[in-house]
Every structure is written in structure tokens, then in C-alpha cells.
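The values are calculated or read from the model by the stated rules, or taken from the named source; none is laboratory data. Quick caveat: nothing in here was measured; it's all calculated off a predicted structure. When we count neighbours, we look across all protein chains shown, and the Cβ atoms used for this are built from the backbone with ideal geometry, even at glycine. SASA here: full protein model, heavy atoms, side chains in, ligands and nucleic acids out. Shrake-Rupley method; radii C 1.70, N 1.55, O 1.52, S 1.80 Å.
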2 protein chains.
Amino acid sequence: MKITANDPKRKSWLKVNKNSDFPIQNIPFGVFITKNDIVTIGTRIGDYAIDLAALHQLGYFEGIPLTDDIFMQDTLNDFIDDGRKTWRLVRNRIADLFDNENTKLKDQSKHIVEILFDINEIEMLMPVAIGDFTDFYSSKEHATNVGTMFRDAENALLPNWLHLPAGYHGRSSSIVISGKKIRRPYGQSFPKGSKQPVFGPSKLVDFELEMGFITSVANKLGKQIPIEETEDYIFGMVLLNDWSARDIQAWEYAPLGPFLAKNFATTISPWIVTMDALQPYRVESPKQDPKPLPYLQLEGNNSYDIKLQAAIKPKKEVETIVSNTNFKSMYWTIYQQLAHHAVNGCNISNGDLYGSGTISGSTEGSYGSMLELTWKGTKPIKMNDGSKRKFIKDGDTIILRGYCKNDKIRIGFGECKGKLRKAKYFKDKE
Amino acid sequence: MKITANDPKRKSWLKVNKNSDFPIQNIPFGVFITKNDIVTIGTRIGDYAIDLAALHQLGYFEGIPLTDDIFMQDTLNDFIDDGRKTWRLVRNRIADLFDNENTKLKDQSKHIVEILFDINEIEMLMPVAIGDFTDFYSSKEHATNVGTMFRDAENALLPNWLHLPAGYHGRSSSIVISGKKIRRPYGQSFPKGSKQPVFGPSKLVDFELEMGFITSVANKLGKQIPIEETEDYIFGMVLLNDWSARDIQAWEYAPLGPFLAKNFATTISPWIVTMDALQPYRVESPKQDPKPLPYLQLEGNNSYDIKLQAAIKPKKEVETIVSNTNFKSMYWTIYQQLAHHAVNGCNISNGDLYGSGTISGSTEGSYGSMLELTWKGTKPIKMNDGSKRKFIKDGDTIILRGYCKNDKIRIGFGECKGKLRKAKYFKDKE
């Protein structure tokens, strides 16, 4: 089945600004609540949010096998369960309905009033009920930087790193939607020169610029997923900020990996951009040497050219862009990550979230965390408001952005934002 | 409110064998399916499963604030959401109804037929929809054994171990109920003397004898849980087998912790024994030196005297008990684990599962894994059928058992069983 929604010649009868992340070729999926407290599944074109439940009730999805209430949900999980063919049919249909050449919906002003919302009049909610969350560690540059800082440059990459997409399990309960404020965590750390661990607010709160993908059910427990089939089970992608407390992490992480240093919050962007929408931006992934084991081999262009940016906006001040990087630099692809995850029979479920790991390029300005950008705080960043940053300060908002662009079309992810609030302990006075 | 269900003088009008894990003082909660395909929440006395949905419909929970369908569910999550006071009211009521001195239900033979099932005529299902799964590492003996084997005896415990209950996130999707067969996992390992990682079935599949506790919602994201309040949020405990592939683990675990070595399966026992039922068996936990930080300090008897056993039953042969140990030896308590988990503001949810980590005592026969029992395979175990075991063989069934016993009453967890099946790759011929 063709992905007709991607046709670069399409224009919508809805106004779309030139630099919008959401032209008619995007058609992402999300969940929002209207000012009348109605929760619905929707999509976005330009600065309009579109209520898909209302559109479905009006009969515009006729001919596509969908249950009546498929979009009257507070998560996309059931829709994801319908599978790739249905995702594609729905996305193609939406593109047709909003195509400037098509008058079917365009002329129904009463219907339009029912389904269309100004993006500033709605609030985005978590798009999926997340099952399991796994975070990979797939940027060679990031792993090398971290290894150099914490061990030594000669042995920066551990022996397993080039043979498998290293990953670990994260916490699902603390994954939040863009806009939700994050508390600076309390915890144990072991400052240099100290004789005992100390307890208090983390002093080294960091962001990690990542992307995440969301899956449908893919395999039963005990079965693998052939790498050629992995893409059938990936619904779409989001921006992901893997908030990290470096002082807590340094003290706790051996030998079981990061835990409280990470699980206080993970922020994702609200609109899931489908893998179908990203198809025009597929590019070759970095050459892998040594050649991976057969279960990780996949021919073709398996990475995506997604331009990424991280900015810090201090309270009441202008933002400073601290990182410009690109998803295509990731050494391990999302298909390799998923095939590896299931090679032992681990079952991949509906609504699982898989993070890429910090996305760092090969140049200093392209690193995806303050840890690397300031090289452990030794090279503070000069901010546009005159202040300096080693790590994140209370009141700072971290903003991640990402988009794909070729000579014809730009599609993007919008923003993934979170403001860091002052730490608070239950024994503190209100 | 008194836990009247625990009264040791109670006897049930249902027959209970002397060594049963399920006298009227237990009243665990579980989910089962009858031979008529009815799924219900239930409890167990002796060898009878009791349908709580039917009991509720017949009016026997009158006066307790419960929704009509609270037991007509395929998980306990909604009941857990009702909170500790309700758990206690329900358990006390059940004890009253089945008390030999009480004729209210005893004399209603028509009702009894509706609610009672022979334990062999039902099938147990997963008792909860598990949100997040965290596995701790709280046995000092286990951590010391593993540290000695993989590093050296002098530095067996890492510096953080005595200061915090180390833990990491596990996989929820692959947690299964006792009885479900487990596939030996495929994966990468790096055998001694090899120049490259190899791919194939794990050669070192192991069990880990653990216990797990299940929580209700406890805190909002960004808030801590004072350690004194943690016990309000713990519903009950189960036996837990944290299946592990030691060869995969050795190759993959640095620096992010265990991943595919563990997430192919975790087995839990089907009946959740409530914390109320376990109260009579509270005992002092091991003295902690150094004294933990204030947020981890809690007065009183905070461990539980639970006798534990692991057995291996080869196909068509008699079983061999390979470990006898006790939960009370755990260095970090469940209350410390939960307070630590939330100290950074990580939100604890309904249906979360928290594993203790392998429970190893101080003597050789009390270790909770084959890794330790056979000291990395160097001291094979002699089995009752004449065979030997370094790790688990295809066809072996691992059986965990646990019970508490004082001079009056024995209550237990039943069995947590799983049979290891031969590895199978998708390219293998059927």
C-alpha cells in the first residue's frame, strides 16, 4: 500500500506557516483535552489540532476497519494495536481530507467547526500508556565521551559496545509529557574529598537529548523478531529528554546501572510522528566495523536524517541553543535495537517506549548532554543572558526540537520542554 | 483497626491439612479461571479456591465500601487501589465467614456450591497488571559472593552497597505466573579463549530465589515517601524466580547493568500473601553498620521470618532440594527499599513489583542461585536421581517454596514453578 500522505505536492486548505513542523505531509498522532474538557485522539496540521473522534463520528473514515470508539480514548494504545496497515489507511485518509484539491470536508463548515481547534486552546496529554521503557546507549560519540571522562581515552568504549546495542530498563511511571515541570531530585552522592555519602538535592542535574520510538505488540514471549520484520512494529517517534542527576549517578551506578539518577523524570514530546512520515528522510547509518552478528544485519538505509537541537531558557530570559546534532549519526539503528531486544525471547508490547540514548555528534557543539558539552563542568557554556552554565539551574527550561527537511518538505516533532523546579523535601516547610 | 483474621485460635469449617500453606489465617489474594471459563478474584483456604466475586454478589461483604464489580476483574489492581483499610476489612470478613464458629455461610449449602472450587479444578492467572518492576540486590551474602567471584574477596562489596539498597529496573512484559514454561534464551556471550562474541543458546541458565512485594499508588511524581509511611502502600508478597543467563550477563552487563540476561522471564507465585497475614512473623533485620542515612532509618522489627526453599526437578525424576534459606537474612528491608526508591521523587504506582534480589544465607546450602551454590560451576550439585548440575538443564523444573511458622500457625506462599524448555530460534525447523 502506497503512503500517499507523503506526496510532496500536496497542500492543505488549512494555513501552514513555511517553517511549521506540521505540514499536511506530517499527520502525527497525539491525545489532547479541549477547553470543554473533552479528551480525544487527534492530529495536527499547521497550528490546528484536529479531533479524530469527531471526524470519525461524522463518517469521514468510512471504509477503514475501525471500531466506533477507536479515537474516543485517552491513549493511542488501541489504535496502535490495529497495526501498520490501519495506521497507514488513516493517515492517507486524513491527508486526502485536508488536501486543497479535495472539497469533501473543506466545504462542510459546520463539520469543520466541530473538529478543528486552535493549537493554543487545547492541552496535550500523554499519547500512550507506556508499558515498558528501555533506554539504549547507541551513540558511539556519546559512549566514547563518557568512557573517556569516567575511565580513560584508550579504553573509552567497553569491549561489548561495538558488538551489541547496549541498553537498560528505565522507569515507565515517571515518563511525562512536554510542559510538565520537573523537581530537582534529592539523593545520595559521594562528593570528592568526602568520607561519607551525603544526602541533599542533586547538584549536577543534566538533560540528555534523545529520541524514542513506540511499538505495537511484536512477538510472544520466547520468540525472536527477525530484523527484517522489526519495522512493521514501530508506530512512530518522539523527542525524549532523559533527565539525569550526574552526582547521584556516579555514586549509585556500579554494578547495576543508572537508577535513581534517571527515574525521577523522562520527558517526551506530545506528537508521535509516524515512521511512514519519516520515510523520505531515511539515510544510511554509520558503517559498522566489526560487522555485527547476523541477527543484527539489515541491508538498506536504516537511519533517519533528523536535525536536533537543545536549548536552555533561564527564567525570564532568552534561550541559548547549546547543542545542534543529528539522529543520523547513531551507530546502532532502531531496527537493530528492536531485534536485539527480542533475540532472547523478550516480548515487545503495545505502547513500549525505546529511547535512543544521548545523541552526540563528533564536534563539541553537537554533544547531547551538559556533561559532554561542558566536559564535566570544566568548560562552562556562556549563555545569551550573560550567565554561565555547567549543569542545569533551578528555573531553567530545557527545550528539545527536531525536524527533517529535504528540498521539498520539512516535517518535525515540535518541542519537548521541561522546567526544572527547586528541590523540595517532605520535611521542608511549605 | 485490628487484624482479627490473624487470630491463631480460629479454625475453618473447610478442611485444612496440617502442613497446608493456606490455613484460615492466611487469606491470600489471587486471580483464577474456572473450568467454565469464568475469571474471578479469589482467595484460598486449604485446597479450596473461593470465588470472591460470587461471595460479594451474594451479599457477604455488606457494610464494606466496595464497588459491585471489584472482584469481577482479571487483576487485583482496582482492589489494591481501594487501600489498606479495605484490604483489611475484606480479609477480616473472609476469616469470619469461614470460621468454624460462624454458621452464616457454613449453613448455606447452595451458596457454598457457587463460591467454592477444588484447587485442582481452577487455573491461576497473573494476579496483577504489573506497572514497573524493580529488582533490588539486598542480600549482603549474595552481593559478597558475586563480588568475590567476579572481582576479589577483598573488594567484594562495592563502596555504595552498605549505604543504599542497590537496585535496577527490570522488564514487566516478561513476568509470568507460576507454571508457565520458560524458553532457554538465545544471545551473545564471550566464552573464555574466544576472540569474538558468539551467538547461540545460553549455556548457563540459572534461577534466583527471591521474594517480591506489590504496591498501591504511594506518592506523586516529585514527592518522597517518609519511611514510616511506606508500609501503608505494600499490599503483599510473592515468591519470585529471577531467571538469569550468566554467560549473556557476563558479556553485556557493563556499564548499564543486566538486560537480556534477565528480561527473558521472571516467574512469580500466584497467591499474594498480604502484609497483614505476615505480621506475626516480623523479626529484627540484620544490624546495619554503618548506620544508614536518616531517610533510611526505621525503628522496630522490619524483616520477616520466611523459610525458603529451591528445588530442581529433572524431567520424569524426583526433585532435589538445592537451597534452604530465609528472607530474614536480607540486609536491606522492604521499607528501606521503598523509601529509597522514592527519595528522588520517583512515583510508586499501583501494581508495581519490587524484587528483593537473590536471597542467600551465610552457609553454602543457603545460597539462592546455582552460580553461588556450585561456585560458578566449580562444585556441581549431586542430584537425587544420580545426575549432577552446574546450572539448569533443559527439562528441569525449578520450584521455589516459602512459608512462615511459629508455635501456633504456618502460613505460606505455595509454589513458584517454571520448567526450562529447549532453546528455539526462528530459523530453526519446527
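Out of the range B:260-283, which residues are out of contact with any helix residue (DSSP H, G or I) (no Cβ under 8 Å at 6 or more places or on another chain) and more than 11 Å from chain A (Cβ to nearest Cβ)?
Selection gives B:Thr267, B:Ile268, B:Ser269, B:Pro270, B:Trp271, B:Ile272, B:Val273, B:Leu278, B:Tyr281, B:Arg282.
In the range B:160-217, which residues are within 30 Å of B:Pro127 (Cα to Cα) and β-branched (Val, Ile, Thr)?
Residues satisfying the conditions are B:Ile175, B:Val176, B:Ile177, B:Ile182, B:Val205, B:Ile214, B:Thr215, B:Val217.
Being under 19 Å from A:Ile399 (Cβ atoms) and crowded, with 16+ Cβ neighbours inside 10 Å is the filter here, so list the residues in the range A:363-380 that pass it.
Residues satisfying the conditions are A:Ser366, A:Tyr367, A:Gly368, A:Ser369, A:Met370, A:Leu371, A:Glu372, A:Leu373, A:Thr374.
Would you tally the residues in the range B:189-228 being touching a strand residue (DSSP E or B) at 6+ places or on another chain (Cβ under 8 Å) and closer than 18 Å to B:Lys390 by Cβ?
Residues meeting the conditions: 12.
Tell me the residue from B:Lys291, B:Lys262, B:Lys287 that is under 20 Å from the mean Cα position of the chain (by Cα) and in a loop (DSSP other than H, G, I, E, B), please.
B:Lys262 is the lone residue from the list that is under 20 Å from the mean Cα position of the chain (by Cα) and in a loop (DSSP other than H, G, I, E, B).
Against the condition farther than 30 Å from B:Gly187 by Cβ, within 14 Å of chain B (Cβ to nearest Cβ) and touching an Asp or Glu at 6+ places or on another chain (Cβ under 6 Å), how does A:Ser244 come out, does it pass?
For A:Ser244, the condition - farther than 30 Å from B:Gly187 by Cβ, within 14 Å of chain B (Cβ to nearest Cβ) and touching an Asp or Glu at 6+ places or on another chain (Cβ under 6 Å) - is not met.
Of the residues that make up the range B:368-376, is at least one of a type outside the set (D, E, K, R), more than 30 Å from A:Trp243 (Cβ to Cβ) and touching a Cys at 6+ places or on another chain (Cβ under 8 Å)?
Within the range B:368-376, none of the residues are of a type outside the set (D, E, K, R), more than 30 Å from A:Trp243 (Cβ to Cβ) and touching a Cys at 6+ places or on another chain (Cβ under 8 Å).
For the structure I just gave you, tell me whether A:Thr134 is within 22 Å of the chain's Cα centre (by Cα) and modelled with pLDDT of 95 or more.
yes
Yes or no: B:Ser360 closer than 30 Å to B:Val16 by Cβ, open to solvent by less than 10 Å² (accessible area, probe 1.4 Å) and in contact (Cβ under 8 Å) with a residue 60 or more places away in the chain?
For B:Ser360, the condition - closer than 30 Å to B:Val16 by Cβ, open to solvent by less than 10 Å² (accessible area, probe 1.4 Å) and in contact (Cβ under 8 Å) with a residue 60 or more places away in the chain - is not met.
Suppose we keep only residues that are without any contact (Cβ under 8 Å) to a residue 24 or more places away in the chain and at negative phi within the range A:174-199. Which one would you say is nearest to the other protein chains (Cβ to nearest Cβ)?
A:Phe199
Filter the range B:249-259 down to residues that are facing chain A (nearest Cβ under 7 Å) and not in a loop (DSSP other than H, G, I, E, B) and give me whichever is surrounded by the fewest Cβ atoms within 10 Å (Cβ to Cβ).
Among those residues, the one meeting the criterion is B:Trp251.
Select, from A:Asp37, A:Asp47, the only residue that is without any contact (Cβ under 8 Å) to a residue 12 or more places away in the chain and either within 20 Å of the chain's Cα centre (by Cα) or in the same structural domain as A:Leu76 (by TED's automatic domain parsing) (or both).
One residue alone meets the criteria, A:Asp37.
Could you tell me whether B:Leu162 is over 17 Å from B:Trp332 (Cβ atoms), among the hydrophobic types (A, V, I, L, M, F, W, C) and assigned by TED's automatic domain parsing to the domain that holds B:Tyr295?
no
Tell me yes or no: at least one residue of the range A:113-134 is under 30 Å from A:Gln288 (Cα atoms), within 13 Å of chain B (Cβ to nearest Cβ) and touching a Pro at 6+ places or on another chain (Cβ under 8 Å).
So far as the range A:113-134 goes, no, none of its residues is under 30 Å from A:Gln288 (Cα atoms), within 13 Å of chain B (Cβ to nearest Cβ) and touching a Pro at 6+ places or on another chain (Cβ under 8 Å).
Could you run through the range B:81-92 and say how many residues are crowded, with 20+ Cβ neighbours inside 10 Å and of a type in the set (D, E, K, R)?
Of the residues in the range B:81-92, 1 are crowded, with 20+ Cβ neighbours inside 10 Å and of a type in the set (D, E, K, R).
For the condition open to solvent by 30 Å² or more (accessible area, probe 1.4 Å), among the charged types (D, E, K, R) and more than 30 Å from A:Ala218 (Cβ to Cβ), what is the one hit in A:Asp69, A:Asp78, A:Asp107?
Answer to the check: A:Asp107.
Just one of B:Ala129, B:Ala95, B:Ala143 is closer than 20 Å to B:Leu239 by Cα and in contact with a helix residue (DSSP H, G or I) (Cβ under 6 Å, 6 or more places away or on another chain); which is it?
Within the list B:Ala129, B:Ala95, B:Ala143, the selection yields B:Ala129.
When the residues of the range B:200-232 are filtered to those that are of a type in the set (D, E, K, R) and under 21 Å from B:Ile268 (Cβ atoms), which remaining residue is farthest from the other protein chains (Cβ to nearest Cβ)?
Among those residues, the one meeting the criterion is B:Glu231.
Of all residues in the range A:337-375 being more than 14 Å from chain B (Cβ to nearest Cβ) and aromatic (Phe, Trp, Tyr), which is farthest from A:Gly402 (Cα to Cα)?
Residue satisfying both the conditions and the ranking: A:Trp375.
Could you please give the count of residues in the range B:144-157 that are open to solvent by less than 40 Å² (accessible area, probe 1.4 Å), hydrophobic (A, V, I, L, M, F, W, C) and without any contact (Cβ under 8 Å) to a residue 24 or more places away in the chain?
Of the residues in the range B:144-157, 1 are open to solvent by less than 40 Å² (accessible area, probe 1.4 Å), hydrophobic (A, V, I, L, M, F, W, C) and without any contact (Cβ under 8 Å) to a residue 24 or more places away in the chain.
Suppose we filter B:Leu293, B:Leu239 for residues that are at pLDDT 95 or above and more than 7 Å from chain A (Cβ to nearest Cβ); which single one remains?
B:Leu239
How many residues does the range A:260-288 hold that are surrounded by fewer than 17 Cβ atoms within 10 Å (Cβ to Cβ) and touching a residue at least 60 places away in the same chain (Cβ under 8 Å)?
Summing the residues that are surrounded by fewer than 17 Cβ atoms within 10 Å (Cβ to Cβ) and touching a residue at least 60 places away in the same chain (Cβ under 8 Å) in the range A:260-288 gives 3.
Which members of the range A:388-430 meet the condition of being open to solvent by 30 Å² or more (accessible area, probe 1.4 Å) and under 16 Å from A:Thr320 (Cβ atoms)?
A:Lys388, A:Lys390, A:Lys393, A:Arg401, A:Glu415, A:Lys417, A:Lys419
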